[in-house]
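Worksheet: the structure to be examined is printed underneath.
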Amino acid sequence: MRRERIVDALIVGAGPAGLATAAGLAATGAGEVEVVDRDQQAGGAARHCAHGGFGRFGMTGPQYAERWVAAAVGVGAVLRTGVTVTGWSGPLTLDTTSPRGLERITARAVVLATGARERPRAARLVPGTRPAGVFTTGELQRAVHGHGQRIGTRAVVVGAEPVSLTALDTLRQAGVEVAALVTEYPRHQASRARAAEARLRHAIPLLTDATVTELLGRGRLSGVGLRHRDGRTAYVACDTVVFTGDFVPDQELARRGGLPLDPGTRGPAVDGAFRTAERGVFAVGNVLHAVEPARVVAREGAAASAAVRRYLRDGDWPSASVPLRVTAPLGWVAPNRLALDEPGDGFTLRTTEFVTHPTLVVTQDGRTLHRARRRRPAVPNRPFRIPGDWTGRVDARGGAVRIALAD
């Protein structure tokens, strides 16, 4: 028998974004606030990250996750783990399954905080055999820090962005030699200090302008085939390979609910108040923009809680919004819709190419709304922000706002 319940706010996802949203809502008396998560333990991906650097005081990932769990539960939010949302049975009604059975939960406001995931080897279309020893960063962290598994002896890390160096640290902690970092770009995308540490202190080669073309080995990985941009091929012997980065939003629930997805982020399209196209449905965190650090999505959660609280109090919802679009080499912008009642405090963008001297140009129907030279280069796999002080010049009846990046 399916039980039916009603709550004021239902948050799907108990990572930092969802927990911060719940804490903000419950602390301000928003009514019955409930968080559900399919995992058995709350905290999101941070709980698998044993390294420091989380939060203001440099906590480890598990400590940071515990902090947000305590913050949400401490102010009265209800947290339920091991609960899988299976679909929608109404605009604000979700069906769930758990060891307690089937439930149908109707909320006055639904917040999607389902996060993101790395694309595995199969989704990247890397051919070859199917040996053991193939991981994503998340799988590696769970194996090492969650289950204490033996990984291997010699690894190749695919990627050279910040999360790639996190994978490198995890491998070193597990006693695995790292043969190389491989990136399709002409240089790394991490900070200079982190990249120098890997290259100089740990003597790890960085192979640029190269892609993994094949996995080799029977039973256990024996090596990877590489192709350089100039056509040269190579072979690197290893018994472990870690595919890092290439995150995609975990947007299946949004898609099942018929929510419009942004073509750039591939997550739900939202405005500056985290409102989707469906009245009463919000989205926050890395389901919107895969992927940003835990501190960033937690900050978004705090902002989203204020927007949800205003909706629960006033019931206001924009009747229309203007889409934001990017042109190459920009990959996406978030938020990606502009509602003039809530223009937001800025926008996050990512580029797919290195741009040394970037100039941002924002236009609508041929009118220039904003033009500014950035002092820092634009780097793939690293976000950058632009202010929203130009949004007051947007014509609500006009076409899409377009953001371009010139060198």
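The values are calculated or read from the model by the stated rules, or taken from the named source; none is laboratory data. If you're wondering where the values come from, they're calculated on a predicted model, not measured in any experiment. Methodologically, a virtual Cβ is constructed for each residue, glycine included, from the backbone with ideal geometry; neighbour enumeration extends over all protein chains shown. Heavy atoms of the whole protein, side chains included, go into the accessibility calculation; ligands, DNA and RNA do not. Shrake-Rupley method; radii C 1.70, N 1.55, O 1.52, S 1.80 Å.
Relative to the longest principal Cα axis of the chain, at what angle does helix 61-74 sit, 0 to 90 degrees, rounded to 10?
Its long axis makes an angle of about 10 degrees.
How would you rank 100-108, 13-21, 328-336, highest first, on the average number of other Cβ atoms within 10 Å across their residues?
Working: 100-108: 16.2, 13-21: 31.3, 328-336: 21.1.
Peptide ranking by packing, descending: 13-21, 328-336, 100-108.
With every protein chain left in place, what is the accessible area per residue of the stretch 215-293 in square angstrom, probe 1.4 Å? Walk me through the numbers before you get to the answer.
Numbers: 3040 Å² over 79 residues.
Per residue, the stretch 215-293 has an accessible area of 39 Å².
Gap in Å between the Cα centre of the stretch 327-371 and the Cα centre of the stretch 151-187?
Cα centroid to Cα centroid, the span is 32 Å.
For the stretch 321-407, give the magnitude of the charge dipole about the Cα centre (Cβ charges: +1 Lys/Arg, -1 Asp/Glu; no others), in debye to the nearest 20. Walk me through the intermediate numbers first.
Numbers: 14 positive and 8 negative charges, 59 e Å.
Roughly 280 debye, rounded to the nearest 20.
Tell me, how many Å apart are the Cα centres for the stretch 114-130 and for the stretch 279-314?
Each part reduced to its Cα centre gives a spacing of 28 Å.
Run the numbers on the chain and let me know its relative contact order in percent, using alpha-carbon pairs under 8 Å that are six or more apart. Could you put the intermediate results ahead of the total?
Details: 1000 pairs, mean separation 60.8, N = 407.
So the answer I get is 15 percent.
Counting residues in the stretch 321-407 as N, plug N into 2.2 N^0.38 Å and put the Cα Rg over that result. Could you put the intermediate results ahead of the total?
Numbers: Rg = 12.2 Å, N = 87, 2.2 N^0.38 = 12.0 Å.
Expressed relative to 2.2 N^0.38 Å, the Cα Rg reads 1.02.
The list (i) 21.8; (ii) 24.2; (iii) 22.4 gives values of Kirkwood radius over Cα pairs in Å, and only one came from this structure; which label was calculated from it?
(iii)
Around Leu25, with a cut-off of 13 angstrom between Cβ atoms, what is the net charge of the other residues, counting Lys and Arg +1 and Asp and Glu -1? Before the final figure, lay out the partial values.
Numbers: positive: Arg108, Arg309, Arg310, Arg313; negative: Asp8, Glu32, Glu34.
With Lys, Arg at +1 and Asp, Glu at -1, the net is +1.
Please give the charge dipole size of the stretch 120-245, origin at the Cα centre, charges +1 on K and R Cβ atoms and -1 on D and E Cβ atoms. Round to the nearest 20 debye.
Details: 17 positive and 10 negative charges, 21 e Å.
Dipole size: approximately 100 debye.
Taking θ as phi - 60°, what are the ³J(HN,Hα) couplings along the stretch 175-192 by the Karplus curve (6.51, -1.76, 1.60), each to the nearest whole Hz, with x for Gly and Pro?
Once θ is set to phi - 60°, the couplings for the stretch 175-192 become x, 9, 6, 9, 6, 5, 9, 10, 9, 6, 8, x, 7, 5, 10, 8, 5, 4 Hz.
Expressed as an acute angle from 0 to 90° and rounded to the nearest 10, what is the orientation of the C-alpha long axis of helix 162-173 relative to the principal long axis of the chain?
60
Note down the magnitude of the dipole of the chain about its Cα centre, charges +1 on Lys and Arg C-beta and -1 on Asp and Glu C-beta and zero elsewhere, to the nearest 20 debye. Working shown, then result.
Details: 54 positive and 38 negative charges, 135 e Å.
Here the chain has a charge dipole of around 640 debye.
Which value, to two decimals, describes the C-alpha radius of gyration of the stretch 80-233 once divided by 2.2 N^0.38 Å?
Numbers: Rg = 20.1 Å, N = 154, 2.2 N^0.38 = 14.9 Å.
Cα-based Rg divided by the globular estimate yields 1.35.
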